[in-house]
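The values are calculated or read from the model by the stated rules, or taken from the named source; none is laboratory data. The shown structure was predicted, so the numbers you read here are calculated from the model rather than taken from an experiment. When we count neighbours, we look across all protein chains shown, and the Cβ atoms used for this are built from the backbone with ideal geometry, even at glycine.
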Amino acid sequence: MTVYSHSKLSCFEQCPYRYKLNYIDKVETEIEETIEAFLGSRVHQTLEKLYRDLMFEKQNSLDDLIDILRKDWEKNWNDSIIIVKNEYVPENYLKMAERYITDYYKRYHPFKKDKTIALEQRILINLDEEGYYKLQGYIDRLSEVKDGFYEIHDYKTNSRLPLPEYIQNDRQLALYSIGVLDSYPDAKDVRLIWHFLKFDKEVDSTRTSDELEELKKSTIQLIDSIESEKVFLTNPSGLCSWCEFHDICKEFSHLYKVKDLPVNEFLSEDGVKLVNRYAELKAKKKQLTLDVEVEIEKIEEALISYSEKTGESVIFGSSNKVKISKSKRYTCPEKNSKKRIELEEKLKKMGKWEEVAQLDTNAINKIIQENEWEKEVIDVLLEYVELQESSRLYLSKYDLGT
């Protein structure tokens with residue numbers, strides 16, 4: 001059985017086709033690094049340096065850490081790193097990284113709250129007793145606050161603070177906690193801690209043994225789904241913007257084939273021409289439908305007017321006829337209106353509220369038309385309801401010989 005990882009599982013959940021290209025076909029691509037990913041790596045490296053030095057009884061000052069961050073930034077920077085938000089420059093992101101480190105340092109200095117056990121530690125997770133289903137992962141920092149009480153720390157540079165549901169349902173750190181419980185026999189409790197550095201915020205959570213057992217089962221089911229998958233369909237979503245397989249994905253490959261063509265070649269490409277013509281015809285159809293609906297409405301009004309003028313309820317054409325049926329219905333005041341509230345209160349006082357199912361129109365009409373209530377109650381109703389007349393038209397064929 002393949003050894004899985006949280007990122008591998010998530011890739012399949014997000015898009016089975018991307019999973020296939022990445023992990024089965026092993027398609028090699030030139031991975032373009034974004035400034036956000038670059039910033040995250042630099043911050044992680046700096047915090048790793050902070051705690052690795054502490055393990056060797058060396059405590060860096062805040063100035064030392066900022067210097068370490070800057071040197072690591074300069075060493076790894078290259079002009080191919082993508083900045084999507086054109087209004088910002090690399091220095092803006094570097095200052096953000098410096099703020100993350102500064103806020104973190106000031107919050108946790110002098111770093112004596114816990115003892116670091118491992119940094120970037122590979123953890124192996126067995127999901128079943130036989131060891132058939134396995135996962136692996138890397139813990140940013142594993143610490144111990146007292147004997148048997150461990151903490152898994154994860155550093156996030158996300159631009160958004162996640163909802164509580166994300167924390168409660170997060171699979172990655174929960175899976176890591178299974179690995180820690182198995183690897184450290186003295187482990188009594190494992191606390192999961194997310195450091196959202198952009199917001200200088202710490203969020204923590206724990207999982208019960210029952211929750212971890214359920215997680216094992218659901219993860220095994222997901223692995224079984226992956227192992228039995230044959231089709232690997234695409235799953236277009238907002239995450240497609242970050243996919244490295246655009247040029248070969250069936251959802252985007254045509255775009256990448258034509259997007260850089262000169263305008264005259266682009267417009268004459270067969271696929272482009274077909275889509276443009278199709279869109280044009282669909283737009284015409286929509287407009288035609290709107291025009292027809294407007295004309296139908298006008299003719300319906302004219303037929304009703306003709307019927308009222310002549311007193312004839314069925315109007316004949318060459319081979320079709322239209323029957324005009326008129327009806328009258330009482331309508332209640334709009335919800336939350338003053339009259340509506342007054343009527344509701346009066347009906348409740350009279351003990352009639354439950355019978356009209358919160359002013360159901362059909363119930364009201366039946367009560368009035370069939371005099372189901374006492375006259376004085378119906379009189380109250382008539383003060384608030386409005387009698388409206390409506391007409392319905394029924395078109396049908398007819399035979400001149402009948």
Counting only residues in region 226-240 that are farther than 21 Å from Leu255 by Cβ and surrounded by 13 or more Cβ atoms within 10 Å (Cβ to Cβ), the one farthest from the chain's Cα centre (by Cα) is identified as Glu229
Give the residues of region 222-239 that are more than 21 Å from Tyr166 (Cβ to Cβ) and either of a type in the set (A, V, I, L, M) or not in a loop (DSSP other than H, G, I, E, B) (or both), sorted by residue number. Ile223, Asp224, Ser225, Ile226, Glu227, Ser228, Val231, Leu233
Subset of region 363-379, residues out of contact with any Cys (no Cβ under 9 Å at 6 or more places or on another chain) and surrounded by 10 or more Cβ atoms within 10 Å (Cβ to Cβ), comes to Ala363, Asn365, Lys366, Ile367, Ile368, Gln369, Glu372, Trp373, Glu374, Val377, Ile378, Asp379
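Condition first: hydroxyl-bearing (Ser, Thr, Tyr), without any contact (Cβ under 8 Å) to a residue 40 or more places away in the chain and within 25 Å of Leu47 (Cβ to Cβ). Now tell me which residues in region 166-216 satisfy that.
Within region 166-216, the first condition is being hydroxyl-bearing (Ser, Thr, Tyr), and the residues that meet it are 166, 176-177, 183-184, 205-206, 208-209.
Retained after the next criterion (residues that are without any contact (Cβ under 8 Å) to a residue 40 or more places away in the chain): 166, 177, 184, 205-206, 208-209.
Hits for region 166-216 are Tyr166, Ser177, Tyr184, Ser205, Thr206.
So which of Leu127, Leu94, Leu65, Leu69 ends up being farther than 25 Å from Glu33 by Cβ and either surrounded by 15 or more Cβ atoms within 10 Å (Cβ to Cβ) or under 30 Å from the mean Cα position of the chain (by Cα) (or both)?
Working: Leu94 fails: farther than 25 Å from Glu33 by Cβ; Leu65 fails: farther than 25 Å from Glu33 by Cβ; Leu69 fails: farther than 25 Å from Glu33 by Cβ.
Checking each option against the conditions leaves just Leu127.
Could you go through region 248-257 and let me know if any residue there is surrounded by 15 or more Cβ atoms within 10 Å (Cβ to Cβ), under 29 Å from Ala37 (Cα atoms) and among the acidic types (Asp, Glu). Even if it seems obvious, please write down each step before you answer.
Initially, region 248-257 is screened for residues surrounded by 15 or more Cβ atoms within 10 Å (Cβ to Cβ), giving 249, 251-252.
Narrowing the set further to residues that are under 29 Å from Ala37 (Cα atoms) leaves 249, 251-252.
Okay, now just the ones that are also among the acidic types (Asp, Glu), so 251.
Within region 248-257 (the criterion being surrounded by 15 or more Cβ atoms within 10 Å (Cβ to Cβ), under 29 Å from Ala37 (Cα atoms) and among the acidic types (Asp, Glu)), the answer is yes, since at least one residue qualifies.
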Six or more apart or on different chains, Cβ atoms under 6 Å: show the pairs whose first residue is in region 309-333 and without any contact (Cβ under 8 Å) to a residue 24 or more places away in the chain and surrounded by 11 or more Cβ atoms within 10 Å (Cβ to Cβ) and whose second is basic (Lys, Arg) and in a strand (DSSP E or B). Val314/Lys321; Val314/Lys323
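Only one of Glu300, Glu345 is acidic (Asp, Glu), in contact (Cβ under 8 Å) with a residue 60 or more places away in the chain and in a helix (DSSP H, G or I); which?
Numbers: Glu345 fails: in contact (Cβ under 8 Å) with a residue 60 or more places away in the chain.
Of Glu300, Glu345, the one residue that is acidic (Asp, Glu), in contact (Cβ under 8 Å) with a residue 60 or more places away in the chain and in a helix (DSSP H, G or I) is Glu300.
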Only one residue in Leu181, Leu161 is aliphatic (A, V, I, L, M), surrounded by fewer than 16 Cβ atoms within 10 Å (Cβ to Cβ) and touching a Phe, Trp or Tyr at 6+ places or on another chain (Cβ under 9 Å), so which one is that? Leu161
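Quick one: which of Glu48, Glu36 is closer than 26 Å to Tyr108 by Cβ and at pLDDT below 95?
Working: Glu48 fails: at pLDDT below 95.
Every option except Glu36 fails the conditions.
Only residues that are of a type in the set (Lys, Arg) and more than 13 Å from Asp63 (Cα to Cα): list them for region 83-110, please. Give the derivation first.
Taking region 83-110 and keeping what is of a type in the set (Lys, Arg), we get 85, 95, 99, 106-107.
Passing the criteria: Lys85, Lys95, Arg107.
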Counting residues that are aromatic (Phe, Trp, Tyr), which helices (runs of 4 or more DSSP H) fully inside region 1-69 reach at least 2? 16-19, 35-55
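Which residue is modelled with the lowest pLDDT, if the candidates are limited to region 162-183 and must be assigned to a loop (DSSP other than H, G, I, E, B) and in contact with a Leu (Cβ under 9 Å, 6 or more places away or on another chain)? Give the derivation first.
First pass over region 162-183, keeping only residues assigned to a loop (DSSP other than H, G, I, E, B): 162-163, 170-171.
Cutting the leftovers down to in contact with a Leu (Cβ under 9 Å, 6 or more places away or on another chain) gives us 170-171.
Details: Asp170: 89, Arg171: 92.
Per the stated criteria, the residue is Asp170.
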Any residue that is in contact with a Lys or Arg (Cβ under 8 Å, 6 or more places away or on another chain) and farther than 24 Å from Ser391 by Cβ - is there at least one of those in region 329-351? no
Among the listed residues Tyr155, Tyr132, Tyr150, which satisfies the condition of being in contact with a helix residue (DSSP H, G or I) (Cβ under 7 Å, 6 or more places away or on another chain), more than 20 Å from Arg42 (Cβ to Cβ) and assigned by TED's automatic domain parsing to the domain that holds Lys198? Tyr150
